[in-house]
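Encoded as structure tokens, the structure appears first; notes follow it.
The numbers here are math on the coordinates, done by the rules we state, and not lab data. Given the structure is predicted, the values throughout are model-derived calculations rather than measurements. All Cβ positions, glycine included, derive from the backbone under ideal geometry; neighbour counts span all protein chains shown.
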């Protein structure tokens, strides 16, 4: 059975892991998708559409960044943007950077190589118009010459490719760069030497990639895609702030030479506390996807989450989104437990999915109250293991609605979702993640600051 065979919401508790997969972005038309624009204060997809509709200066391209907490739904939003863009004159190419590179620090050269590989594949698979063989051969031969990478293999494959019919194209870039990316992920010393060689020839790498992009855009203009290639670099937010700062901010002069429209998904900490200066200086103001605000800025914290104030209308909306996945009234012994999981999520859909799947691991035929409480305790423990006294002190300030510095510590709290950022009343504000509220060390820090204030 595939996910396409399933009907949601499900009454079968054994389908919980499929219905509530935390890591799965929802494609357009998925029955589980819920329109949260009311809670977000707008639609980031519509904002990106408005920019992409605007014609840039001739020879220039839109290069923008999208940020938000991990788990806020950025990949889902990109899939909806892709659907719109493909229907409005673009060829949209989504690149999940971490899938190709693992957690090895990305470099500008990696993103250019991934661009060449992904565009070659998309032109052949989605448009049915392979890039001209001469352009592909030129890049492959240059790569082999500079890196001394599998020269005999490359010669052999070029010979085979030369024997196919005119205008046909074996995906040579996919073969060569795919193997190279696998070596990077594996931490190969040889691959690192190759990457260093590539960094020594930035202009040639950029020119070779851009020539492929220009050729692709010319072909697309002849096939009802006049707006050309749109690249979506997804999952860059899974890397540390300093790593992406190096590629996109310090390396902006290289990345912004990319001859294609591009949106880069960045860590929220890079927006909040950029090491090398504001990212908007290089890419214009960021598109920001906020968390779902289940509480108001003025709502204070009590000693427990259940006793604390919440926006009931917001809770109901997020509960409705869960009800599009599971028949809550039938699968939960007490539907109030589903409400508690929603509150504990802090408005992060991914955290709600994690809590539900953890409760499933403890459940029987239905979600019992003990199963829900064990899930909360288990997930809370994953937060507590990494928190430091300095974290608790800063989180207590946030909980008291005090001003906190835009420093590395705050960026860390946002990156790991210990603190969550929301929008409202024309601005943004932060709150502590509800899972932290009942941790003893946080309680001491929170009460201590209240006493000092008193």
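The DSSP beta bridges internal to the chain are antiparallel in roughly 25% of cases. Between helix 389-399 and the chain there is an angle of about 70 degrees, using the helix long axis and the longest principal axis of the Cα atoms.
Label separation (residue 428 vs residue 127): 3.6 nm, computed from points 7 Å beyond Cα along the C-beta direction. Against the set (1) 24.2, 83; (2) 21.6, 85; (3) 20.4, 62, the structure's computed Rg and Dmax of the Cα atoms in Å falls on (1). Rounded to the nearest 10 degrees, the angle from helix 202-221 to the longest Cα principal axis of the chain is 90 degrees. This ranking places 76, 382 by how few other beta-carbon atoms lie within 10 Å of each, fewest first, which gives 382, 76.
Using just its DSSP H runs of length 4 or more, each adding -39500 (n - 2.57), the chain gives a mean residue ellipticity at 222 nm of -15000 deg cm²/dmol after division by all residues. For the chain, the longest principal axis of the C-alpha atoms and the axis of helix 172-185 are separated by about 40°. Between the range 324-366 and the range 190-229, what is the C-alpha centre distance in whole Å? That distance is 46 Å.
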